There are 2 protein chains.
Amino acid sequence: MASSTVENYLKHLLLAEEGAAGGLVPMGALAGALAVVPGTVTTMVKALADDGLVEHRPRHGVRLTAEGRRVALNVLRKHRLVETFLVKVLKMDWAEVHVEAEQLEHALSDNVLDRLDALLGRPETDPHGDPIPSAQGRLSAEVHATLASCATGRPLRVVRVTEQSKEFLHFVDASGLAPGATVRVTERNLAAGLVTVKKSAGRPLALSLTAAGKILVAPARG
Amino acid sequence: MASSTVENYLKHLLLAEEGAAGGLVPMGALAGALAVVPGTVTTMVKALADDGLVEHRPRHGVRLTAEGRRVALNVLRKHRLVETFLVKVLKMDWAEVHVEAEQLEHALSDNVLDRLDALLGRPETDPHGDPIPSAQGRLSAEVHATLASCATGRPLRVVRVTEQSKEFLHFVDASGLAPGATVRVTERNLAAGLVTVKKSAGRPLALSLTAAGKILVAPARG
DNA sequence: CAAGGTATTTTGATAGCTCAAAATGAGTTT
DNA sequence: AAACTCATTTTGAGCTATCAAAATACCTTG
């Protein structure tokens, strides 16, 4: 069994690979994600490479092997299903479940996982709209537009929020921008780095481009 | 935060104290329960004593301090509530939940614990009939008779099964002796080390005294 | 091309938990 | 009392995961 440390390295590597050029993740990026110093990552990555879980290109970066990816997807599946359970069944605040799932994902057996999945009706996304890897290790790679990239006018449905911090999620919730909400971009001011959005029944709301970029959307009523 | 190793030491110490003469648990007993060598226990217990979680009487044994007991009860509460959840909500086999709970008990926050408790309707016992410590750390100390100690004839209700092994629990289940069942002791043969029991609608069943001693009962319709 | 800057790797240590095996203590047994 | 037995403790070592800080490699800039 992979220790929870190993599981965390692989999970963060998987997350970092999405959108990393060439799939090679720099050691520093991984160190940052795991909140450890770079030297520690070098040491651990070499051990993971010995176990065939990652491929290490010295001084360039690291990437998952097929086997490492398999393990990482299973951990991510646990994480997202646990989050879904905590929100749907235990009625917890979606801003709090990330930290809880961070612990539970390493303690859940595949057996319990599958029963949880069945209880929840085999959901495809978690409360943040993040896709849940299937038991077979398939991860939806749908690409979405963001509130920062959309033209003004058209109605949009929020489908995903790609940031786990409590503060940001509370803000999104309070602004009525959680997944499922319908909004319209009313104004984009790239120079000022601002976009303004409006819910059908609400006052306009200004967002930084950075914040808006974390809110993924799809055309509404498609 | 106590590491899961520390939590395990304290939990097993709590379990071992029940029924230990003078409340002092010999180092060897703890070593056996934790499946580590005695030297390891000596080392760890000294560290726990430094942290004020246990009291170590060298060459005699160890016992929980008030603080250690508080932590241990919280872990035991998590363990038993998780077991209850796994059986009641996820419909898992009661013979399998012990090992699962062994992992999950260390990953569950107090917050999640309380919501789980509420979801389950604040149960007082787990699926094996073991009492669940309250959030305030109160543990029911009810003493029960066992199938090995009861006189023949009177109707008895199984209230608790004090053994976690898969094999034993499967046997108990298959024999219809799970908590809630009603039985009668029909014969006791101390010389042969056997008791025979009978369910209202069933054939007689022979049990060793050892096995019968693990099945706790109360007078039926009392 | 030499000089700098930055990411990465190496080195030396440490904390937590464990084992094997030798040493010790304490209570019998003879 | 001397010898024996058994639990406990001590000693020396190893593994995993971490850090701080020095060394190294690579890329860019002057």
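The values are calculated or read from the model by the stated rules, or taken from the named source; none is laboratory data. Since this is a predicted model, take the numbers as computed values, not measurements. Backbone-built Cβ (ideal geometry, glycine too); neighbour counts: all protein chains shown.
For region B:81-131, name all the residues that are part of a helix (DSSP H, G or I), β-branched (Val, Ile, Thr) and more than 7 Å from chain A (Cβ to nearest Cβ). Steps first, please.
First pass over region B:81-131, keeping only residues part of a helix (DSSP H, G or I): B:81-88, B:97-104, B:110-119.
Filter again for β-branched (Val, Ile, Thr), leaving B:82, B:84, B:87, B:97, B:99, B:112.
Once the filter is applied, which keeps residues that are part of a helix (DSSP H, G or I), β-branched (Val, Ile, Thr) and more than 7 Å from chain A (Cβ to nearest Cβ), region B:81-131 yields B:VAL82, B:THR84, B:VAL87, B:VAL97, B:VAL99.
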Does A:LYS11 qualify as being out of contact with any helix residue (DSSP H, G or I) (no Cβ under 8 Å at 6 or more places or on another chain), within 15 Å of DNA strand D (Cβ to nearest atom) and either assigned to a helix (DSSP H, G or I) or hydrophobic (A, V, I, L, M, F, W, C) (or both)? no
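Run down B:GLY22, B:GLY52 and say which single residue is surrounded by fewer than 17 Cβ atoms within 10 Å (Cβ to Cβ), farther than 22 Å from B:VAL143 by Cα and more than 11 Å from DNA strand C (Cβ to nearest atom).
B:GLY52
Can you tell me which residue within region B:29-48, out of those that are of a type in the set (Gly, Ala, Ser) and in contact (Cβ under 8 Å) with a residue 12 or more places away in the chain, is farthest from DNA strand C (Cβ to nearest atom)?
Initially, region B:29-48 is screened for residues of a type in the set (Gly, Ala, Ser), giving B:29, B:31-33, B:35, B:39, B:47.
In the following step, the residues that additionally are in contact (Cβ under 8 Å) with a residue 12 or more places away in the chain were identified as B:29, B:33.
Details: B:ALA29: 15, B:ALA33: 12 Å.
Here the residue is B:ALA29.
Looking at region A:14-37 only, could you name the residues that are outside any helix (DSSP H, G or I), small (Gly, Ala, Ser) and in contact with a Gly (Cβ under 9 Å, 6 or more places away or on another chain)?
First pass over region A:14-37, keeping only residues outside any helix (DSSP H, G or I): A:18-20, A:24-26, A:35-37.
Narrowing further to those that are small (Gly, Ala, Ser): A:19-20, A:35.
A:ALA20, the sole residue that qualifies.
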Scan region B:132-162 for residues that are part of a loop (DSSP other than H, G, I, E, B), farther than 26 Å from B:ARG70 by Cβ, in contact with a strand residue (DSSP E or B) (Cβ under 6 Å, 6 or more places away or on another chain) and free of Cβ contacts under 8 Å to residues at least 60 places away in the same chain and report the count. 1
Taking the stated definitions as given, is A:ALA192 in contact (Cβ under 8 Å) with a residue 12 or more places away in the chain and exposed (fewer than 15 other Cβ atoms within 10 Å of the Cβ)? no
Search result, residues across region A:93-149 that are small (Gly, Ala, Ser) and surrounded by fewer than 14 Cβ atoms within 10 Å (Cβ to Cβ): A:ALA118, A:GLY121, A:SER140, A:ALA141
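Collect the residues in region A:37-71 that are away from DNA strand D (no atom under 15 Å from the Cβ) and either of a type in the set (A, V, I, L, M) or within 20 Å of the chain's Cα centre (by Cα) (or both), keeping them in residue-number order.
So the first thing to find is which residues in region A:37-71 are away from DNA strand D (no atom under 15 Å from the Cβ), and the list is A:55, A:63-67, A:69-70.
A:ARG63, A:LEU64, A:ALA66, A:ARG69, A:ARG70 - these are the residues of region A:37-71 that are away from DNA strand D (no atom under 15 Å from the Cβ) and either of a type in the set (A, V, I, L, M) or within 20 Å of the chain's Cα centre (by Cα) (or both).
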Does B:ALA29 meet the test of being among the aliphatic types (A, V, I, L, M) and either within 16 Å of DNA strand D (Cβ to nearest atom) or within 14 Å of chain A (Cβ to nearest Cβ) (or both)? yes
For region A:166-205, enumerate the residues that are of a type in the set (Val, Ile, Thr) and either touching a helix residue (DSSP H, G or I) at 6+ places or on another chain (Cβ under 7 Å) or more than 17 Å from A:ARG154 (Cα to Cα) (or both). A:VAL172, A:VAL195
Restrict the check to region B:163-174 and report whether at least one residue is assigned to a loop (DSSP other than H, G, I, E, B), over 30 Å from B:ALA66 (Cβ atoms) and in contact with a His (Cβ under 8 Å, 6 or more places away or on another chain). no
Run B:THR40 past the list (1) within 14 Å of chain A (Cβ to nearest Cβ); (2) of a type outside the set (Lys, Arg); (3) assigned to a helix (DSSP H, G or I) and report the number of the one that doesn't hold. (1)
Assuming B:MET1 fulfils every condition listed in (1) at pLDDT below 95; (2) part of a helix (DSSP H, G or I) apart from one, which condition is it? (2)
